[in-house]
Amino acid sequence: MLSQLLNICTNLINNTDHAFNQLAKGALKHIEPTTLIATSAEAILLTQKNYSLTTYLTAAIASYLQIKNGMAIHQEWNSKKIMGQLLDAATLTAVRLPYVGPKVESTIIKGVKDLLGPYKDHTEQIRNEIGIVPIEVLPETGMAPDEIRKLFINLHQYYKQGTHSGSVYNQFEAELFELLKDVFGATALTNPMHPIWPLINEMEAMVFSICKNLFHAPEDTHGILTHGGTGSIIEACNAYVQYARQVLGIENPEIIVPDTIHVAFDDKTSKLLHAKLVPVPVDPLTGKADVAKMEAAITRNTILLVGSAPCFPYGVIDPIQDLANLAKKHHIFLHVDACLGGFLFPFANPATHKLPVCDFAADGVNSISADIHKFGLGPKGLSIALFRNRNLFSPTPTYANLSFKGGLYVTPGFLDGSRSGASVALALTVLLYYGKDKYKEITEKILNVTEKLTERLKQVEGITVPFTPDLSLIYLRTDPNINHHLVAEKFEEPDKEKGKFGWSVNDMAHGFHFCLTSEHTQDPEFVNNFVRDLESAIQYVKSHPNEKPKGVAKAYKYIDTGFLPPVIQNLVGDIYERISQTLPHHTIPFFWKAFAKNENVADKTVNGNEKTALTM
């Protein structure tokens, strides 16, 4: 059914997209909504002659339901957003139609089960292999420490060192490992919010001072520690959005980003903050932010520009200096998302690695986010965001409420209240343990291996390296006749008989990438093994031209088109997460178990009324 829905959507778009874009170029603002409703519905109906009356009706209703949203965003025409709204409306309308709704609902469920069934089976298989007895309820009496330890015996059973893209950035030496255990034990119960642990606050100030020096920040720069890159990004954007509304009086602030920006800016930050995100296509030749196009997108509501160092999809650094000049020219702010590369570029040898300016050395840069738990080599859950003060009332992540009935309430960021002082202490520990010389040594090894692997990959038949990596992430595309999703899938499959590793890559819409870490520098045969197994995967795909990806990779077949309704994408993601959160031998009742019994998976009633709509 998903294939049928995709075909319908594809035909719909192919027949109407040109008309939509023509309207967007000038005529749209002059057309009455009622006229546009009729025109859109008529265009859809006339171009779908091969489909049933239900399809015609759904298309017409979808046009009607979405016209208000479409008109509201016509000035900055976003066909992807509009089509997503239309497709969502068509889907949700269809599942609510009498008689047709339950059939559409069941068909969607079957389609999602076909996509995620193999993943569910694989998840249950490996959990059975791990062999622990799941604990489903809190025991009446506490378990003995040795019994609890048994739960972790097979923790790393499916982890093979040096074969994963950016999953593990470091292996702790025995000495550091013991040190981190001692530090965590001493600080786990501390809370920086309370003044009874002043040393924790001083340690946090040390972390900020060290990072300010690394990123060439002025003295008045201040910061915040978060649990990860997404948290740092949200805190940074929130500071600018609140500043725009409270200080500058901009009710609808806009954030301009290259379209390679991390998804945390889009589906998380902009929606949480109700701010408008304006994605701008990058330069197709370099993969980097197109400064001229970003300048053209600036309006009186623009509060922030964003650049990446490097961007997650392609591994290239945006022209930060040019973006900084642009931000100063228009009196707006610039945030540098260096979550991935923030603890690489400060330690790269400038004589051998000609990297552009990525930090506060560019005067127009106002803030930076960087993950200590990536190339800072720290434990997971450590990230930092630094802010440059420019005047008395500057954007800041600090939250303050001095009129709270519970007393003065101030937190360094908007999201967190209480925090564990252990995160502060662990961050400081790893920074002090390694020091500049060790970071430089590790960085040099990583960048050298990246360059060596890149040159070897350029010689592999069937793939291209379209953008030269600036740091440690290599983006790959396969030739048009080679299914890159299947290549990635086969590349990840181990073959013990042939001595083939199972390599984990980041599969994406038009290619995949591999992020090198210090793990990959420890195996002298890493480059040879990687290239050998990738060539084997490509050769397999060439010799099996009709084979399709299975499991989660299969979903990309639909997502790549851009025509899979966002509401269906959300459903796929939700069930994917629920599978990983469900204990072995249990099912997802409303989805797997109920459907297997031919029951209606939707709630039977809402407020006493019959309900047939799919519960999203």
*Subset of the stretch 368-402 [at pLDDT 85 or above, open to solvent by 60 Å² or more (accessible area, probe 1.4 Å) and not hydrophobic (A, V, I, L, M, F, W, C)]*: K380, T398, Y399
*Looking at A509, is it surrounded by 21 or more Cβ atoms within 10 Å (Cβ to Cβ) and among the aliphatic types (A, V, I, L, M)?*
no
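Quick grid of which residues meet (1) open to solvent by less than 80 Å² (accessible area, probe 1.4 Å); (2) assigned to a loop (DSSP other than H, G, I, E, B):
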{"residue": "G407", "(1), (2)": "yes, yes"}
{"residue": "A422", "(1), (2)": "yes, no"}
{"residue": "L428", "(1), (2)": "yes, no"}
{"residue": "G435", "(1), (2)": "yes, no"}
{"residue": "K440", "(1), (2)": "no, no"}
{"residue": "K445", "(1), (2)": "no, no"}
{"residue": "E451", "(1), (2)": "no, no"}
{"residue": "T468", "(1), (2)": "no, yes"}
*If V365 satisfies every condition in (1) in contact with an Asp or Glu (Cβ under 9 Å, 6 or more places away or on another chain); (2) surrounded by fewer than 24 Cβ atoms within 10 Å (Cβ to Cβ); (3) farther than 28 Å from F172 by Cα but one, which is the exception?*
(2)
*Condition met for G413 (of a type in the set (G, A, S), in a loop (DSSP other than H, G, I, E, B) and farther than 16 Å from C237 by Cβ)*: no
_Quick check on my filter: what residues within the stretch 453-466 are of a type in the set (A, V, I, L, M, F, W, C) and outside any loop (DSSP other than H, G, I, E, B)?_
L453, L457, I463
_I'd like the full set of residues that are open to solvent by 10 Å² or more (accessible area, probe 1.4 Å), in contact (Cβ under 8 Å) with a residue 40 or more places away in the chain and in contact with a strand residue (DSSP E or B) (Cβ under 6 Å, 6 or more places away or on another chain), limited to the stretch 300-332._
N301, Y314
*Quick check: anything in the stretch 524-541 modelled with pLDDT of 90 or more, over 24 Å from G462 (Cα atoms) and out of contact with any strand residue (DSSP E or B) (no Cβ under 7 Å at 6 or more places or on another chain)?*
yes
_Tabulated pairs, the stretch 168-182, first aromatic (F, W, Y), second open to solvent by less than 70 Å² (accessible area, probe 1.4 Å), C-beta under 7 angstrom, 6+ apart or interchain_ = Y169/K374; Y169/F375; Y169/L377; Y169/T517; Y169/S518; F172/L180
*List every residue pair whose Cβ atoms lie under 6 Å apart, where the two residues are 6 or more positions apart in sequence or sit on different chains, the first residue falls within the stretch 535-551 and is open to solvent by 60 Å² or more (accessible area, probe 1.4 Å), and the second residue, located anywhere, is not in a helix (DSSP H, G or I).*
E535/V460
*Could you check how many residues of the stretch 80-138 are within 30 Å of V280 (Cβ to Cβ) and touching a residue at least 12 places away in the same chain (Cβ under 8 Å)?*
11
*Out of the residues in the stretch 128-162 that are modelled with pLDDT of 85 or more and either in contact with a Leu (Cβ under 7 Å, 6 or more places away or on another chain) or surrounded by 14 or more Cβ atoms within 10 Å (Cβ to Cβ) (or both), which is farthest from S504 (Cα to Cα)?*
E136
*Would the stretch 208-216 turn up any residue that is open to solvent by less than 40 Å² (accessible area, probe 1.4 Å), part of a helix (DSSP H, G or I), among the hydrophobic types (A, V, I, L, M, F, W, C) and in contact with a strand residue (DSSP E or B) (Cβ under 6 Å, 6 or more places away or on another chain)?*
yes
*Filter the stretch 512-534 for residues that are open to solvent by less than 20 Å² (accessible area, probe 1.4 Å) and either among the hydroxyl-bearing types (S, T, Y) or more than 19 Å from L340 (Cβ to Cβ) (or both) and give the result.*
T517, S518, F526, V527, F530, V531, D533, L534
_If a residue must be without any contact (Cβ under 8 Å) to a residue 60 or more places away in the chain and either within 30 Å of F347 (Cβ to Cβ) or among the small types (G, A, S) (or both), how many such residues does the stretch 399-424 contain?_
4
*Conditions: (1) over 32 Å from the mean Cα position of the chain (by Cα); (2) in a helix (DSSP H, G or I); (3) over 29 Å from K548 (Cα atoms). E140 meets all but one. Number of the miss?*
(2)
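The values are calculated or read from the model by the stated rules, or taken from the named source; none is laboratory data. Here the structure is a predicted model, which means the values were calculated and not measured. FYI the Cβ positions are ideal-geometry reconstructions off the backbone, even for glycines, and counts take in every protein chain you see. Quick note on the areas: whole protein, heavy atoms, side chains included, nothing else; ligands and nucleic acids left out. Shrake-Rupley method; radii C 1.70, N 1.55, O 1.52, S 1.80 Å.
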